[in-house]
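What follows is one structure encoded as structure tokens, with my remarks underneath.
What follows is calculated from the coordinates using simple rules that are stated; it is not laboratory data. The structure presented is a predicted model; accordingly, all values stated were derived computationally and were not measured. Here the Cβ is made from the backbone with ideal geometry for all residues, glycine too, and neighbour counts use every protein chain on show.
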Amino acid sequence: MTLSLPTTVFAEKPKLAVMPLGAKNMPKDTVEIIDALLTGEIAAADRYQVLGVSDINIPASTHSSRCHPTRFAS
């Protein structure tokens, strides 16, 4: 006899990149606070895997650290 238990499959949430605002006539601190609030509200909706600037910059820096500056030099 085989016992089969119900399983729940959770689909991975779609990824959403939240880029910083480009405000020109506001103090930098204010813009950073608005960015954080916007990112937090989107994340709180729990519909997306929110990627902030730090999440996006990590793969780029990891990739560039693997490059050797003289590897392709003639």
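Ranking of T30, T39 by neighbouring Cβ atoms within 10 Å, starting from the fewest: T30, T39. Modelled spin-label separation between A23 and R47, with each label point placed 7 Å from Cα along the Cα-to-Cβ direction: 2.4 nm. Exposure proxy ranking for K28, K13, based on other Cβ atoms within 10 angstrom of each Cβ and starting from the fewest, stands as K28, K13. Of the residues E41, E12, the one with the fewest other Cβ atoms within 10 Å heads the list, and the complete ranking is E12, E41.
Between S4 and I34, what is the spin-label point distance in nm, taking each point 7 Å from the Cα along the Cα→C-beta axis? For S4 paired with I34, the spin-label model returns 5.5 nm.
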